[in-house]
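Notes to accompany the following structure.
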């Protein structure tokens, strides 16, 4: 069986990005710059031998996925299971306000990012349990092929950590800038290789 290649993309810049807040599963739109970022990424990815495109069903991911799929005339699938962490009652609130209003809860999250569950939302571990079966399904569906996935900062980190064999506690050691590109190869023997992490649309389709 041939190698399965995943092109993992983070969505572009979103409105309110300067506020430093948890957007979570709120349907925050892309800025004009964010849309341009996605279009540049799609221009690079259209040269890749992709069989399908997947995305979170939130608009900030759908934009890039639908744009790319249209260019390539291939299927696009938008899945709720690929959404960002559900931040519950903290969703949409600036970090500064949360630190002031919920200092103990804020410290608890920093102390245990894996298990701390946002009030009314998810923990990182909850999100991983939601995401991993979907990824396994996609890898099985596209064994020996290449496909793209447009995701979020949090969910992309989960996928990358799993590929690296690193624990979820290392999530914030990985940077995921707006519109970054990651490339992961999944081999038939069960091994994984991360070829590119937090790259830009300037990288070639086939990295060295």
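May I ask you to list the residues in the range 171-201 that are closer than 13 Å to residue 37 by Cα and without any contact (Cβ under 8 Å) to a residue 60 or more places away in the chain?
Matches in the range 171-201: 199, 200.
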* Structure fact -> Of (1) part of a helix (DSSP H, G or I); (2) on the phi > 0 side of the Ramachandran plot, residue 108 satisfies every one except (2)
* Structure fact -> Over the range 117-130, the set of residues surrounded by fewer than 18 Cβ atoms within 10 Å (Cβ to Cβ) and more than 13 Å from residue 83 (Cβ to Cβ) is 117, 119, 120, 125, 129
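Results for (1) within 22 Å of residue 189 (Cα to Cα); (2) part of a helix (DSSP H, G or I); (3) in contact (Cβ under 8 Å) with a residue 60 or more places away in the chain; (4) under 17 Å from the mean Cα position of the chain (by Cα), shown as yes or no for each residue.
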residue: 115; (1), (2), (3), (4): no, no, no, no
residue: 118; (1), (2), (3), (4): no, no, yes, no
residue: 122; (1), (2), (3), (4): no, no, no, yes
residue: 130; (1), (2), (3), (4): no, yes, no, yes
residue: 137; (1), (2), (3), (4): yes, yes, no, yes
residue: 144; (1), (2), (3), (4): yes, no, yes, no
residue: 147; (1), (2), (3), (4): yes, no, yes, yes
residue: 150; (1), (2), (3), (4): no, no, yes, yes
residue: 155; (1), (2), (3), (4): no, yes, yes, yes
* Selection from the range 63-91 of residues that are in a loop (DSSP other than H, G, I, E, B) and surrounded by 15 or more Cβ atoms within 10 Å (Cβ to Cβ) -> 83, 84, 85, 86, 87, 91
* To do: List every residue pair whose Cβ atoms lie under 9 Å apart, where the two residues are 6 or more positions apart in sequence or sit on different chains, the first residue falls within the range 17-37 and is in contact (Cβ under 8 Å) with a residue 24 or more places away in the chain and at positive phi, and the second residue, located anywhere, is crowded, with 20+ Cβ neighbours inside 10 Å and not in a loop (DSSP other than H, G, I, E, B).
  => 24/90; 24/154
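The numbers here are math on the coordinates, done by the rules we state, and not lab data. Just so it is clear, the structure is predicted and the values come from calculations on it, not from any experiment. Using ideal geometry, Cβ is built from the backbone for each residue, glycine included, and neighbour counts are taken over all protein chains shown.
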